[in-house]
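Quick notes on the structure that follows.
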Amino acid sequence: NGERKIPSEIVFTGADGNETYIETSYNLVKKGPRITNIQVLLEDITDSKKTRRELEYLRFHDQLTGLYNRAFMDQEIKRLDVNRKLPMSIILGDINGLKLVNDAFGNDEGDRLLCMIADIFRRSCRREDIIARYGEDEFIVLLPNTDAETVSGIGNRIMEMCKSISRDHF
């Protein structure tokens, strides 16, 4: 007669800053109504915890740029569709000629261009803005609580930085 109790997690942080996750659970071993033993089970779940985090990250992030992906952005658009986030502004960006860059210089150069553009969006936008690679050569930014004047300034910064890439690199 064993009664298994709900597992819980303990996190240990080593001197080097690394975390170790231990799942604990226990069984009550009974003989009739009397508890005769308690079995404590400890399991190191650090690797599975890291794997879950990585999978969760990949589920909502673009592997190449590290920006959010379309799945995440579609969820965020629904979540942010509330009055307290208004005015909501959106910036859509598309890289003209990405296919030409890939064809002329190779996919590695096209990937480098995508990463450069992603970095421009990061540097141009505010911390509270949500940036995603929305398609192969498309980027989208959600700017909650942002008026037209502010979004225009951010858009202009993005455009100016992109112009310097096209002059300096391609």
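Computed over region 49-150, relative contact order equals 38 percent, with contacts defined as Cα pairs under 8 Å that lie 6+ residues apart.
Pick out which of 120, 45, 91 has the largest mean-square fluctuation in a Gaussian network model of the chain, springs linking Cα atoms closer than 10 Å. Checking each option, the largest mean-square fluctuation is seen for 45. Only bridges with both residues in the chain count here: give the DSSP antiparallel percent, nearest 5. In the chain, DSSP labels about 95 percent of beta bridges as antiparallel.
Over every Cα atom in the chain, the radius of gyration and the widest Cα-Cα span, Dmax, amount to 24.7, 82 Å. Taken along the Cα-to-beta-carbon direction at a fixed 7 Å, the label points for residue 58 and residue 44 span 2.3 nm. Considering only 30, 85, 50, give the residue with the highest GNM mean-square fluctuation for the chain, with springs between Cα atoms whenever their separation is below 10 Å. Between 30, 85, 50, it is 30 that shows the largest mean-square fluctuation.
Taking 48, 25, 124 as the candidate residues, the one with maximal mean-square fluctuation in a Gaussian network model of the chain, Cα springs under 10 Å, is 25. Sum up the lysine pairs in the chain that clear both bars: alpha-carbon distance under 30 Å and a spacing of 8 or more or different chains. The result is 7. Please state the relative contact order of region 12-64 as a whole percent: Cα pairs under 8 Å, 6+ residues apart? With pairs under 8 Å counted, the relative contact order is 29 percent.
Rule-based calculations on the coordinates, nothing more; no lab input. All figures in this text were calculated on a predicted structure; none of them were measured in a lab. Neighbour counts are summed over all protein chains in view; Cβ atoms, including those assigned to glycine, are modelled from backbone coordinates with ideal geometry.
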